[in-house]
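Report on one structure; see the data block that follows.
Derivation of every value follows stated rules applied to the coordinates shown; laboratory data play no part. Keep in mind that this is a model prediction, so the values were computed, not measured. Methodologically, a virtual Cβ is constructed for each residue, glycine included, from the backbone with ideal geometry; neighbour enumeration extends over all protein chains shown.
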Amino acid sequence: MKGLAMLKIGSIGWIEKEKPAAGPMDAIVRPLAVAPCTSDVHTVWEGAIGERSELILGHEALGEVVEVGNLVRDFKPGDKVIVPAITPDWHTVASQLGFSQHDSGMLGGWKFSNTKDGVFGEFFHVNQADGNLAHLPDGVAIEDAVMLSDMIPTGFHGANNAEVAYGDTVAVIGIGPVGLMAVAGTNMRGAGRIFAVGSRQVCVDAAKFYGATDVLSYKDGAIEKQILELNRGQVDKVIIAGGDMETFEQALAIVRPGGIISNVNYLGAGDYFKVDRVGWGFGMSHIKYVGGLMPGGRQNMEYLARLLKYGKLDVKPLLTHRYKGFDKIEEALGLMKNKPRDLIKPVVTM
Ligand code: NDP
Ligand code: ZN
């Protein structure tokens, strides 16, 4: 079978590989729609997780089951399925502790395009199919459902980890597709005021659509200064979905004592971020830092899918670029790398 792979750091190409085989609990799926991700860009062009060779890329897909192992109960060939980017092994102690993202060690639940071939192949393998796949509900469009793989759960995870409460003032730093879903999740959890930080107009418009009350650009000067001025003080929560190591220092400057800094940004470069001793209350501020990989799994996919099915969440404003045909994946990934100003998220249907 054919797949678009990372050949080495900084280089991608089409390769031929053997079609994967399903173990007793697994499924083989063919993609019906996929989306490239900023994470693929960190992995390939920043070498964020180190060298990978001939590894098929991609972790966001909606697919059709073509084969299942003999212990799979709830899925059969022909079923249309939502495939989460994170596919944990559910029997491990880490999963039982509630951190399935780290099922077999740090980030172990992130298998596609990390420790095994991803979804940019003609077929891909899903471990523990009953625990990781979800049926595509009637009435949800295939390209919308691809946003359930990663963008919706990641943004919402940022809002959940920030423990956004009714009336909270929240700053969301970064409003690409992940940050926009963090804005949407923050809004749904009942935040009062939402500051969104980004610069591209298309993202600014979408941030307002998803519930941002104030939008500002990091290109117009220090964001901590802008937010402290506009808010006349610190915010309750900060969600980081863009920026770099310096963003943590900015977040600490704008969050109140006892507040939460929730990061979902994939830190592709740099070694350390600084925690200001005084800003952190000499170590006694009660400010929490939490960083999270999105939770995968069937339950999370089924619950989030209801938001699309029953019209509580509209992901159409995210889908700025649509491609048709398997071969177009390369072009879509190139777009993600170059981030033209009118881009939020590309999607490729087969
Ligand atoms: P985008 O690149 O589309 O968006 C990044 C956002 O950050 C943009 O709004 C950008 O503004 C803004 N930004 C850039 N530089 C700065 C800065 N210095 N200060 C403040 N804002 C800045 O990324 P995505 O939305 O696709 O993804 C966001 C991150 O989430 C990525 O690192 C991705 O890898 C990660 N990710 C994490 C997952 C998880 O499970 N935790 C899962 C999926 C993705 P501008 O408008 O100028 O572009
Ligand atoms: Zn992704």
Completion exercise
Given unit charges at Cβ for Lys, Arg (+) and Asp, Glu (-), the dipole magnitude of segment 253-345 about its Cα centre in debye, nearest 20, is 320
Fill in the blank from the handout: Answer check: the chain, Cα atoms, Kirkwood Rh, Rg/Rh ratio of 0.97
Problem - Unit charges on C-beta of K, R, D, E only; dipole of the chain, Debye - result: 600
Practice task
Post the alpha-carbon centroid distance, segment 1-61 to segment 245-309, in whole angstrom.
Solution key: 27
Problem - In order through segment 128-134: 3J(HN,Hα) via Karplus (6.51 cos²θ - 1.76 cosθ + 1.60), integer Hz, x for Gly, Pro - result: 6, 4, 5, x, 10, 8, 9
Handout entry: Qualifying lysines (Cα of each under 23 Å from Cα of residue 309; at least 8 residues distant if same chain)
Key = 76, 80, 208, 345
Practice task
Choose one answer from 302, 51, 229: the residue with the largest mean-square fluctuation in a GNM of the chain with alpha-carbon springs under 10 Å.
Solution key: 229
Handout entry: From phi via Karplus (6.51, -1.76, 1.60), per-residue ³J(HN,Hα) for segment 259-265 in Hz, x at Gly/Pro
Key = x, 10, 10, 10, 9, 10, 5
Fill in the blank from the handout: Long-range alpha-carbon pairs in segment 1-130, meaning those over 20 Å apart, account in percent for 44
Fill in the blank from the handout: Sorted largest first, the C-alpha extents of segment 155-291 along its principal axes in whole angstrom are 39, 33, 28
Handout entry: Lys, Arg +1 and Asp, Glu -1 on Cβ, resulting dipole of segment 155-291 about Cα centre, debye, nearest 20
Key = 220
Practice task
Determine the gain in length on full extension of the stretch residue 21-residue 306; use 0.36 nm per residue of separation and subtract their C-alpha separation, reporting nm with one decimal.
Solution key: 99.5 nm
Practice task
Hey, can you grab everything whose amide H is under 5 Å from the amide H of residue 12? Only 5+ residues off in sequence or another chain; H modelled, so Pro and N-termini drop out.
Solution key: 7
Practice task
State the answer as a single residue: which of 260, 300, 154 lies farthest towards the positive end of the charge dipole of the chain, with beta carbon charges of +1 for Lys and Arg and -1 for Asp and Glu, about the Cα centre.
Solution key: 260
Problem - Segments 286-296, 309-319, 9-19 sorted - mean Cβ within 10 Å per residue, highest first - result: 286-296, 309-319, 9-19
